[in-house]
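First the structure, in the form of C-alpha coordinates, and then the observations on it.
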Amino acid sequence: MSIWRHWPVAAITASAIIIRLPALLHGGLWKDDAYTYVDITAGSWSSLLQHLAITEAHPPLFFVLMYGWVKIFGVSELALSLPAFVCGIVMVPVVYRLGVLAHSRQTGLLAAIFCAAAPHANELSSQARPYALSALLCAVLVTLVLSATRGMTRPLFAGIAVTTALLVYTHYVGLIAVGALAIWTFAVPQYRLRAPPIAAALGLGMLPFVLILHRFATTAATQPLRPPGSGFSDAIIIFASHLREAAPVEADGLAVAFWFALLAAAALVSARRRTLTWSTFLLATVCLSAFLVEAFAHMAEVRYAYPFFPCAWTVFAAIFVEAALSLKTLSDVKIGRWAFAFAAAMLCILIAADVSWAREAWSVPRSGVRSLAASGVETHSVYLFAPDVDAATFYYYSRAWRPPIDGFPRIRHPEISRFADYIAVRQDRRLLPIAESLAASYPRRGLKRLHYVIDEDAIANRTNSHSGYGMVWNLFDFVKRKYHLRGCANYHGRLESVSDCVFVLGG
(Lines give C-alpha, C1' and ligand atoms only; values in the text may rest on other atoms or scores of the structure.)
Protein backbone atom coordinates (compact mmCIF):
# COMPACT_ATOMS: atom_id res chain seq x y z
CA MET A 1 0.00 0.00 0.00
CA SER A 2 2.85 2.37 0.88
CA ILE A 3 4.50 1.75 -2.52
CA TRP A 4 1.33 2.66 -4.42
CA ARG A 5 0.87 5.74 -2.25
CA HIS A 6 4.26 7.12 -3.26
CA TRP A 7 4.25 6.27 -6.97
CA PRO A 8 3.16 9.83 -7.96
CA VAL A 9 6.26 11.22 -6.23
CA ALA A 10 8.43 8.69 -8.03
CA ALA A 11 6.81 9.62 -11.35
CA ILE A 12 7.35 13.36 -10.74
CA THR A 13 10.99 12.71 -9.80
CA ALA A 14 11.49 10.65 -12.98
CA SER A 15 9.95 13.50 -14.98
CA ALA A 16 12.40 15.93 -13.36
CA ILE A 17 15.28 13.75 -14.52
CA ILE A 18 13.97 13.75 -18.09
CA ILE A 19 13.36 17.52 -18.08
CA ARG A 20 16.83 18.30 -16.73
CA LEU A 21 18.82 15.90 -18.92
CA PRO A 22 19.12 18.25 -21.95
CA ALA A 23 20.73 20.97 -19.80
CA LEU A 24 23.05 18.41 -18.22
CA LEU A 25 24.11 16.68 -21.45
CA HIS A 26 24.03 19.55 -23.95
CA GLY A 27 24.09 22.81 -21.97
CA GLY A 28 27.83 22.84 -21.40
CA LEU A 29 29.67 25.13 -19.00
CA TRP A 30 29.76 28.90 -18.83
CA LYS A 31 31.88 31.39 -16.92
CA ASP A 32 30.48 30.65 -13.45
CA ASP A 33 31.10 26.92 -13.91
CA ALA A 34 34.53 27.62 -15.36
CA TYR A 35 35.41 29.69 -12.30
CA THR A 36 34.66 26.58 -10.23
CA TYR A 37 36.99 24.58 -12.47
CA VAL A 38 39.77 27.12 -11.91
CA ASP A 39 39.12 27.13 -8.16
CA ILE A 40 39.17 23.38 -7.62
CA THR A 41 42.24 22.78 -9.78
CA ALA A 42 44.31 25.16 -7.67
CA GLY A 43 46.58 22.41 -6.31
CA SER A 44 46.87 21.33 -2.68
CA TRP A 45 44.25 21.73 0.04
CA SER A 46 46.03 24.77 1.49
CA SER A 47 46.39 26.46 -1.89
CA LEU A 48 42.71 25.68 -2.60
CA LEU A 49 41.58 27.49 0.55
CA GLN A 50 43.93 30.41 -0.10
CA HIS A 51 42.65 30.64 -3.67
CA LEU A 52 39.00 30.56 -2.55
CA ALA A 53 39.65 33.38 -0.07
CA ILE A 54 40.69 35.58 -2.99
CA THR A 55 38.35 34.54 -5.76
CA GLU A 56 35.03 33.41 -4.26
CA ALA A 57 32.20 35.30 -2.57
CA HIS A 58 30.80 32.04 -1.13
CA PRO A 59 31.78 29.84 1.82
CA PRO A 60 34.13 26.96 0.93
CA LEU A 61 32.10 23.78 1.54
CA PHE A 62 30.84 23.24 -2.02
CA PHE A 63 34.27 23.83 -3.52
CA VAL A 64 35.96 21.53 -1.02
CA LEU A 65 33.47 18.79 -1.94
CA MET A 66 34.04 19.44 -5.65
CA TYR A 67 37.81 19.33 -5.10
CA GLY A 68 37.49 15.77 -3.80
CA TRP A 69 34.91 14.89 -6.47
CA VAL A 70 37.08 15.79 -9.47
CA LYS A 71 40.00 13.88 -7.99
CA ILE A 72 37.88 10.76 -8.53
CA PHE A 73 35.70 11.56 -11.55
CA GLY A 74 37.75 14.11 -13.51
CA VAL A 75 36.88 17.54 -14.90
CA SER A 76 34.65 16.72 -17.86
CA GLU A 77 31.48 18.74 -18.41
CA LEU A 78 29.39 15.87 -17.06
CA ALA A 79 31.60 15.34 -14.01
CA LEU A 80 31.51 19.02 -13.05
CA SER A 81 27.74 19.34 -13.51
CA LEU A 82 26.58 16.02 -12.04
CA PRO A 83 26.66 16.90 -8.30
CA ALA A 84 24.33 19.88 -8.80
CA PHE A 85 22.12 17.70 -11.03
CA VAL A 86 21.77 15.11 -8.27
CA CYS A 87 20.92 17.84 -5.75
CA GLY A 88 18.22 19.15 -8.08
CA ILE A 89 16.66 15.71 -8.44
CA VAL A 90 16.77 14.89 -4.72
CA MET A 91 15.07 18.21 -4.02
CA VAL A 92 11.85 17.00 -5.69
CA PRO A 93 10.88 14.44 -2.99
CA VAL A 94 12.15 16.83 -0.30
CA VAL A 95 9.79 19.54 -1.57
CA TYR A 96 6.99 16.97 -1.60
CA ARG A 97 7.63 16.21 2.07
CA LEU A 98 7.81 19.93 2.80
CA GLY A 99 4.38 20.43 1.22
CA VAL A 100 2.87 17.54 3.18
CA LEU A 101 4.13 18.95 6.49
CA ALA A 102 3.10 22.49 5.63
CA HIS A 103 -0.40 21.80 4.35
CA SER A 104 -1.48 18.56 2.73
CA ARG A 105 -0.48 15.72 0.42
CA GLN A 106 -2.06 17.53 -2.55
CA THR A 107 0.11 20.55 -1.77
CA GLY A 108 3.19 18.34 -1.61
CA LEU A 109 2.47 16.79 -5.01
CA LEU A 110 1.80 20.15 -6.67
CA ALA A 111 4.90 21.71 -5.11
CA ALA A 112 6.96 18.76 -6.36
CA ILE A 113 5.58 19.34 -9.87
CA PHE A 114 6.59 23.01 -9.66
CA CYS A 115 10.06 21.95 -8.54
CA ALA A 116 10.39 19.46 -11.37
CA ALA A 117 9.23 21.86 -14.11
CA ALA A 118 10.52 25.28 -13.03
CA PRO A 119 13.02 26.72 -15.55
CA HIS A 120 15.21 28.26 -12.85
CA ALA A 121 15.47 24.89 -11.13
CA ASN A 122 16.27 23.30 -14.48
CA GLU A 123 19.06 25.76 -15.22
CA LEU A 124 20.69 25.91 -11.79
CA SER A 125 20.47 22.15 -11.23
CA SER A 126 23.18 21.48 -13.78
CA GLN A 127 25.57 24.34 -13.05
CA ALA A 128 28.79 23.60 -11.17
CA ARG A 129 28.01 26.19 -8.50
CA PRO A 130 26.71 26.05 -4.88
CA TYR A 131 23.14 27.13 -5.66
CA ALA A 132 21.49 23.73 -6.13
CA LEU A 133 23.15 22.36 -2.99
CA SER A 134 22.15 25.41 -0.93
CA ALA A 135 18.54 25.14 -2.15
CA LEU A 136 18.43 21.46 -1.22
CA LEU A 137 19.90 22.12 2.23
CA CYS A 138 17.50 25.01 2.82
CA ALA A 139 14.53 22.79 1.92
CA VAL A 140 15.82 20.02 4.20
CA LEU A 141 16.36 22.47 7.08
CA VAL A 142 12.84 23.93 6.85
CA THR A 143 11.40 20.40 6.61
CA LEU A 144 13.25 19.36 9.77
CA VAL A 145 12.08 22.48 11.62
CA LEU A 146 8.48 21.81 10.62
CA SER A 147 8.85 18.26 11.90
CA ALA A 148 10.33 19.57 15.15
CA THR A 149 7.28 21.79 15.74
CA ARG A 150 5.31 18.57 16.12
CA GLY A 151 7.77 17.21 18.65
CA MET A 152 11.54 17.43 19.05
CA THR A 153 13.60 14.24 19.11
CA ARG A 154 17.34 13.69 19.35
CA PRO A 155 17.69 12.72 15.65
CA LEU A 156 15.74 15.84 14.68
CA PHE A 157 17.90 18.02 16.93
CA ALA A 158 21.07 16.59 15.42
CA GLY A 159 19.65 16.87 11.90
CA ILE A 160 18.76 20.56 12.35
CA ALA A 161 22.20 21.35 13.77
CA VAL A 162 24.13 19.50 11.05
CA THR A 163 21.98 20.86 8.20
CA THR A 164 22.36 24.41 9.54
CA ALA A 165 26.13 24.07 9.61
CA LEU A 166 26.21 22.65 6.09
CA LEU A 167 23.90 25.39 4.77
CA VAL A 168 25.82 28.37 6.16
CA TYR A 169 29.09 26.82 4.99
CA THR A 170 27.60 26.45 1.48
CA HIS A 171 25.98 29.84 0.95
CA TYR A 172 25.81 33.02 3.04
CA VAL A 173 22.10 33.51 2.29
CA GLY A 174 21.52 30.52 4.56
CA LEU A 175 21.94 32.99 7.42
CA ILE A 176 18.66 34.59 6.35
CA ALA A 177 16.83 31.25 6.53
CA VAL A 178 18.30 30.39 9.93
CA GLY A 179 17.40 33.79 11.35
CA ALA A 180 13.85 33.73 9.97
CA LEU A 181 13.24 30.22 11.32
CA ALA A 182 14.51 31.09 14.79
CA ILE A 183 12.46 34.28 15.03
CA TRP A 184 9.31 32.66 13.67
CA THR A 185 9.28 29.74 16.10
CA PHE A 186 9.29 32.21 19.02
CA ALA A 187 6.74 34.53 17.39
CA VAL A 188 3.97 31.93 16.99
CA PRO A 189 2.22 31.19 20.30
CA GLN A 190 1.41 27.65 19.19
CA TYR A 191 5.13 26.74 18.95
CA ARG A 192 6.69 28.74 21.80
CA LEU A 193 7.13 25.69 24.02
CA ARG A 194 9.08 23.95 21.25
CA ALA A 195 10.95 27.07 20.14
CA PRO A 196 13.86 26.83 22.63
CA PRO A 197 15.12 23.40 21.48
CA ILE A 198 14.69 24.42 17.81
CA ALA A 199 16.61 27.65 18.39
CA ALA A 200 19.27 25.70 20.33
CA ALA A 201 19.73 23.31 17.41
CA LEU A 202 19.97 26.20 14.95
CA GLY A 203 22.46 27.97 17.23
CA LEU A 204 24.59 24.84 17.60
CA GLY A 205 24.72 24.55 13.82
CA MET A 206 25.83 28.18 13.58
CA LEU A 207 28.83 27.70 15.89
CA PRO A 208 31.20 26.48 13.12
CA PHE A 209 30.38 29.66 11.21
CA VAL A 210 32.37 31.58 13.84
CA LEU A 211 35.49 30.17 12.18
CA ILE A 212 34.80 32.20 9.04
CA LEU A 213 32.97 35.11 10.67
CA HIS A 214 36.01 37.36 10.42
CA ARG A 215 36.30 36.73 6.68
CA PHE A 216 32.56 37.26 6.24
CA ALA A 217 32.69 40.60 8.04
CA THR A 218 35.92 42.02 6.65
CA THR A 219 36.93 40.56 3.32
CA ALA A 220 36.13 42.55 0.22
CA ALA A 221 35.07 39.34 -1.51
CA THR A 222 31.67 39.59 0.23
CA GLN A 223 30.93 43.14 -0.90
CA PRO A 224 28.08 42.00 -3.18
CA LEU A 225 26.15 41.31 0.06
CA ARG A 226 26.41 44.92 1.23
CA PRO A 227 24.11 47.76 0.15
CA PRO A 228 25.92 49.92 -2.42
CA GLY A 229 23.83 52.95 -1.50
CA SER A 230 21.25 52.68 -4.28
CA GLY A 231 17.81 54.12 -3.86
CA PHE A 232 14.73 52.64 -2.21
CA SER A 233 13.04 52.24 -5.59
CA ASP A 234 15.84 49.95 -6.79
CA ALA A 235 15.30 47.69 -3.77
CA ILE A 236 11.57 47.52 -4.52
CA ILE A 237 12.32 46.52 -8.11
CA ILE A 238 14.63 43.73 -6.92
CA PHE A 239 12.02 42.55 -4.41
CA ALA A 240 9.31 42.45 -7.07
CA SER A 241 11.67 40.66 -9.45
CA HIS A 242 12.42 37.98 -6.84
CA LEU A 243 8.71 37.44 -6.24
CA ARG A 244 8.12 37.13 -9.97
CA GLU A 245 11.02 34.71 -10.42
CA ALA A 246 9.84 32.62 -7.47
CA ALA A 247 6.53 31.99 -9.25
CA PRO A 248 6.44 28.36 -10.41
CA VAL A 249 5.56 29.31 -13.98
CA GLU A 250 7.53 30.95 -16.76
CA ALA A 251 4.94 32.72 -18.88
CA ASP A 252 3.89 36.24 -19.78
CA GLY A 253 0.81 38.33 -20.38
CA LEU A 254 -2.68 37.18 -19.48
CA ALA A 255 -1.46 33.82 -18.15
CA VAL A 256 0.61 35.52 -15.46
CA ALA A 257 -2.23 37.93 -14.67
CA PHE A 258 -4.59 34.98 -14.26
CA TRP A 259 -2.11 33.13 -12.08
CA PHE A 260 -1.55 35.94 -9.60
CA ALA A 261 -5.22 36.94 -9.56
CA LEU A 262 -6.17 33.36 -8.71
CA LEU A 263 -3.55 33.17 -5.98
CA ALA A 264 -4.62 36.50 -4.48
CA ALA A 265 -8.27 35.44 -4.43
CA ALA A 266 -7.41 32.08 -2.90
CA ALA A 267 -5.25 33.71 -0.24
CA LEU A 268 -8.10 36.03 0.77
CA VAL A 269 -10.63 33.18 0.90
CA SER A 270 -8.25 30.97 2.86
CA ALA A 271 -7.44 33.73 5.33
CA ARG A 272 -11.14 34.30 5.90
CA ARG A 273 -11.82 30.60 6.40
CA ARG A 274 -8.57 30.16 8.39
CA THR A 275 -7.69 27.02 6.46
CA LEU A 276 -4.02 27.81 5.78
CA THR A 277 -1.81 26.32 8.49
CA TRP A 278 0.83 28.07 10.60
CA SER A 279 3.39 25.97 8.78
CA THR A 280 2.38 27.55 5.47
CA PHE A 281 2.76 30.97 7.03
CA LEU A 282 6.22 29.92 8.20
CA LEU A 283 7.28 29.25 4.63
CA ALA A 284 5.82 32.55 3.47
CA THR A 285 7.66 34.34 6.29
CA VAL A 286 10.98 32.74 5.33
CA CYS A 287 10.49 33.70 1.67
CA LEU A 288 9.42 37.27 2.32
CA SER A 289 12.20 37.80 4.86
CA ALA A 290 14.77 36.48 2.42
CA PHE A 291 13.52 38.53 -0.51
CA LEU A 292 13.34 41.70 1.58
CA VAL A 293 16.87 41.31 2.93
CA GLU A 294 18.27 40.51 -0.51
CA ALA A 295 16.40 43.40 -2.10
CA PHE A 296 17.77 45.95 0.35
CA ALA A 297 21.23 44.38 0.03
CA HIS A 298 20.76 44.75 -3.75
CA MET A 299 21.46 41.08 -4.47
CA ALA A 300 19.54 41.18 -7.74
CA GLU A 301 20.58 37.84 -9.24
CA VAL A 302 18.02 35.04 -9.11
CA ARG A 303 20.69 32.55 -8.10
CA TYR A 304 20.99 34.26 -4.70
CA ALA A 305 17.25 33.92 -4.09
CA TYR A 306 17.07 30.35 -5.41
CA PRO A 307 17.66 28.64 -2.01
CA PHE A 308 14.25 29.96 -0.92
CA PHE A 309 12.34 28.85 -4.00
CA PRO A 310 11.36 25.44 -2.51
CA CYS A 311 9.53 27.34 0.25
CA ALA A 312 7.95 29.66 -2.31
CA TRP A 313 6.76 26.75 -4.49
CA THR A 314 5.17 25.14 -1.45
CA VAL A 315 3.35 28.36 -0.55
CA PHE A 316 2.11 28.73 -4.13
CA ALA A 317 0.96 25.11 -4.13
CA ALA A 318 -0.87 25.47 -0.79
CA ILE A 319 -2.73 28.57 -1.96
CA PHE A 320 -3.62 26.93 -5.27
CA VAL A 321 -4.98 23.88 -3.46
CA GLU A 322 -7.03 26.20 -1.26
CA ALA A 323 -8.38 27.89 -4.40
CA ALA A 324 -9.39 24.55 -5.85
CA LEU A 325 -11.17 23.54 -2.63
CA SER A 326 -12.96 26.90 -2.54
CA LEU A 327 -14.17 26.46 -6.10
CA LYS A 328 -15.45 22.96 -5.40
CA THR A 329 -17.52 24.19 -2.47
CA LEU A 330 -19.31 26.95 -4.36
CA SER A 331 -23.06 27.01 -3.79
CA ASP A 332 -23.59 26.58 -7.54
CA VAL A 333 -21.96 23.18 -8.12
CA LYS A 334 -22.02 23.48 -11.92
CA ILE A 335 -20.22 26.84 -11.95
CA GLY A 336 -17.76 25.52 -9.40
CA ARG A 337 -16.89 22.53 -11.57
CA TRP A 338 -16.39 24.70 -14.65
CA ALA A 339 -14.22 27.14 -12.70
CA PHE A 340 -12.18 24.29 -11.24
CA ALA A 341 -11.70 22.74 -14.68
CA PHE A 342 -10.62 26.09 -16.14
CA ALA A 343 -8.10 26.68 -13.32
CA ALA A 344 -6.70 23.16 -13.69
CA ALA A 345 -6.40 23.54 -17.47
CA MET A 346 -4.63 26.87 -17.12
CA LEU A 347 -2.25 25.36 -14.58
CA CYS A 348 -1.43 22.49 -16.97
CA ILE A 349 -0.78 24.96 -19.80
CA LEU A 350 1.58 27.02 -17.64
CA ILE A 351 3.48 23.95 -16.46
CA ALA A 352 3.72 22.72 -20.06
CA ALA A 353 5.25 26.10 -20.98
CA ASP A 354 7.82 25.56 -18.23
CA VAL A 355 8.68 22.09 -19.53
CA SER A 356 9.01 23.32 -23.13
CA TRP A 357 11.74 25.71 -21.98
CA ALA A 358 14.05 22.72 -21.48
CA ARG A 359 14.13 22.03 -25.24
CA GLU A 360 16.29 25.10 -25.83
CA ALA A 361 19.24 23.38 -24.16
CA TRP A 362 19.36 20.85 -27.01
CA SER A 363 20.29 23.46 -29.61
CA VAL A 364 21.75 26.45 -27.74
CA PRO A 365 24.56 25.90 -25.21
CA ARG A 366 24.97 28.13 -22.19
CA SER A 367 28.11 29.77 -23.54
CA GLY A 368 29.06 30.98 -26.98
CA VAL A 369 32.69 30.75 -25.87
CA ARG A 370 32.28 26.98 -26.05
CA SER A 371 31.49 27.34 -29.75
CA LEU A 372 34.43 29.69 -30.16
CA ALA A 373 36.81 27.06 -28.75
CA ALA A 374 35.14 24.33 -30.83
CA SER A 375 35.70 26.37 -34.02
CA GLY A 376 39.40 25.70 -33.67
CA VAL A 377 42.04 27.17 -31.38
CA GLU A 378 44.66 28.75 -33.62
CA THR A 379 48.35 28.29 -32.98
CA HIS A 380 50.59 31.37 -32.76
CA SER A 381 47.52 33.37 -31.72
CA VAL A 382 46.68 35.23 -28.52
CA TYR A 383 43.14 35.50 -27.16
CA LEU A 384 42.46 38.83 -25.47
CA PHE A 385 39.14 38.95 -23.59
CA ALA A 386 37.67 42.40 -22.99
CA PRO A 387 36.54 42.43 -20.29
CA ASP A 388 37.90 39.12 -19.11
CA VAL A 389 34.74 37.75 -17.47
CA ASP A 390 34.47 35.14 -20.23
CA ALA A 391 38.15 34.20 -20.19
CA ALA A 392 37.51 31.43 -17.63
CA THR A 393 35.17 29.61 -20.04
CA PHE A 394 37.74 29.73 -22.82
CA TYR A 395 40.42 28.71 -20.31
CA TYR A 396 38.38 25.54 -19.64
CA TYR A 397 37.47 24.63 -23.22
CA SER A 398 40.94 25.34 -24.62
CA ARG A 399 42.83 23.61 -21.80
CA ALA A 400 44.08 20.88 -24.17
CA TRP A 401 45.82 23.46 -26.41
CA ARG A 402 46.88 25.97 -23.72
CA PRO A 403 46.85 29.03 -26.02
CA PRO A 404 48.08 32.39 -24.70
CA ILE A 405 45.16 34.09 -22.93
CA ASP A 406 45.12 37.70 -21.79
CA GLY A 407 42.38 39.71 -20.18
CA PHE A 408 41.39 43.31 -19.86
CA PRO A 409 41.33 44.85 -17.37
CA ARG A 410 42.47 42.12 -14.93
CA ILE A 411 45.53 41.39 -17.05
CA ARG A 412 47.77 39.23 -14.90
CA HIS A 413 45.27 36.49 -14.02
CA PRO A 414 42.42 36.66 -16.52
CA GLU A 415 41.20 33.15 -15.69
CA ILE A 416 40.50 34.06 -12.06
CA SER A 417 37.48 36.11 -11.06
CA ARG A 418 38.32 38.65 -8.38
CA PHE A 419 34.87 39.70 -7.17
CA ALA A 420 36.28 42.15 -4.66
CA ASP A 421 37.67 44.63 -7.15
CA TYR A 422 35.95 43.75 -10.42
CA ILE A 423 33.91 46.92 -10.83
CA ALA A 424 36.59 49.22 -9.44
CA VAL A 425 39.32 47.74 -11.63
CA ARG A 426 37.14 47.72 -14.72
CA GLN A 427 36.70 51.47 -14.37
CA ASP A 428 40.32 52.24 -13.49
CA ARG A 429 41.67 54.15 -16.48
CA ARG A 430 45.26 53.71 -15.30
CA LEU A 431 45.12 50.20 -16.74
CA LEU A 432 44.48 51.38 -20.30
CA PRO A 433 48.12 52.27 -21.14
CA ILE A 434 49.23 48.98 -19.56
CA ALA A 435 46.77 47.08 -21.76
CA GLU A 436 47.88 49.01 -24.84
CA SER A 437 51.53 48.23 -24.10
CA LEU A 438 50.61 44.58 -23.70
CA ALA A 439 48.76 44.52 -27.04
CA ALA A 440 51.71 46.21 -28.77
CA SER A 441 54.09 43.50 -27.51
CA TYR A 442 52.34 40.58 -29.21
CA PRO A 443 54.35 40.63 -32.51
CA ARG A 444 57.63 40.63 -30.56
CA ARG A 445 56.48 37.45 -28.81
CA GLY A 446 56.14 35.62 -32.14
CA LEU A 447 52.32 35.77 -32.24
CA LYS A 448 50.67 36.07 -35.65
CA ARG A 449 47.03 36.84 -34.82
CA LEU A 450 45.09 38.55 -32.07
CA HIS A 451 41.59 37.37 -31.20
CA TYR A 452 39.92 40.31 -29.48
CA VAL A 453 36.92 38.67 -27.76
CA ILE A 454 34.24 41.12 -26.58
CA ASP A 455 31.49 40.25 -24.11
CA GLU A 456 27.86 40.84 -25.18
CA ASP A 457 27.32 43.28 -22.31
CA ALA A 458 30.19 45.42 -23.60
CA ILE A 459 28.68 45.32 -27.09
CA ALA A 460 25.23 46.30 -25.80
CA ASN A 461 26.66 49.19 -23.75
CA ARG A 462 29.12 50.60 -26.28
CA THR A 463 27.39 53.97 -26.43
CA ASN A 464 26.69 54.16 -22.69
CA SER A 465 29.51 56.23 -21.20
CA HIS A 466 28.47 55.33 -17.63
CA SER A 467 28.50 51.55 -18.10
CA GLY A 468 32.20 51.11 -17.35
CA TYR A 469 32.90 49.47 -20.73
CA GLY A 470 34.45 52.56 -22.32
CA MET A 471 38.00 51.27 -21.80
CA VAL A 472 37.12 48.06 -23.60
CA TRP A 473 36.31 50.06 -26.75
CA ASN A 474 39.27 52.45 -26.28
CA LEU A 475 41.55 49.45 -26.32
CA PHE A 476 39.70 48.03 -29.32
CA ASP A 477 40.21 51.30 -31.23
CA PHE A 478 43.92 51.25 -30.32
CA VAL A 479 44.30 47.69 -31.62
CA LYS A 480 42.32 48.52 -34.75
CA ARG A 481 44.60 51.46 -35.54
CA LYS A 482 47.72 49.37 -34.99
CA TYR A 483 46.76 46.06 -36.66
CA HIS A 484 44.69 44.91 -39.62
CA LEU A 485 41.19 43.67 -38.78
CA ARG A 486 40.51 40.48 -40.74
CA GLY A 487 36.90 40.04 -39.60
CA CYS A 488 34.54 39.36 -36.69
CA ALA A 489 32.37 36.35 -35.84
CA ASN A 490 29.56 36.10 -33.31
CA TYR A 491 29.08 33.14 -31.00
CA HIS A 492 25.70 32.99 -29.26
CA GLY A 493 24.89 31.27 -25.96
CA ARG A 494 21.90 31.32 -23.65
CA LEU A 495 23.90 32.88 -20.82
CA GLU A 496 27.10 34.01 -22.46
CA SER A 497 27.57 35.44 -25.96
CA VAL A 498 30.72 36.94 -27.45
CA SER A 499 32.07 38.52 -30.62
CA ASP A 500 35.53 37.39 -31.82
CA CYS A 501 37.40 40.00 -33.85
CA VAL A 502 40.57 38.65 -35.48
CA PHE A 503 43.51 41.01 -36.08
CA VAL A 504 46.61 40.18 -38.14
CA LEU A 505 49.66 41.17 -36.10
CA GLY A 506 52.31 41.27 -38.78
CA GLY A 507 53.12 41.16 -42.49
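The values are calculated or read from the model by the stated rules, or taken from the named source; none is laboratory data. Keep in mind it's a predicted model, so treat the numbers as computed, not measured. Cβ placement follows ideal geometry from the backbone for every residue including glycine, while neighbour counts extend to all protein chains displayed. Accessible surface is based on the protein model in full, side chains and every heavy atom, while ligands, DNA and RNA are left aside. Shrake-Rupley method; radii C 1.70, N 1.55, O 1.52, S 1.80 Å.
Being under 36 Å from the mean Cα position of the chain (by Cα), closer than 13 Å to residue 388 by Cα and surrounded by 14 or more Cβ atoms within 10 Å (Cβ to Cβ) holds for only one residue in 454, 459, and it is 454. Regarding residue 177, is this residue closer than 23 Å to residue 147 by Cβ, open to solvent by less than 50 Å² (accessible area, probe 1.4 Å) and either modelled with pLDDT under 85 or assigned to a helix (DSSP H, G or I) (or both)? Yes: the conditions hold for residue 177. Residue 479 falls short on exactly one of the conditions (1) buried (at least 20 other Cβ atoms within 10 Å of the Cβ); (2) touching a Gly at 6+ places or on another chain (Cβ under 8 Å), and that condition is (2). Listed here are the helices (runs of 4 or more DSSP H) enclosed by the stretch 425-505 that have at least 1 residues being touching a Ser or Thr at 6+ places or on another chain (Cβ under 8 Å), modelled with pLDDT of 85 or more and not aromatic (Phe, Trp, Tyr): 456-460.
Only helices (runs of 4 or more DSSP H) whose full extent lies in the stretch 296-412 are considered here, and the ones with at least 2 residues that are more than 29 Å from residue 116 (Cβ to Cβ) and either modelled with pLDDT of 85 or more or open to solvent by 40 Å² or more (accessible area, probe 1.4 Å) (or both) are 333-357, 368-374, 391-397.
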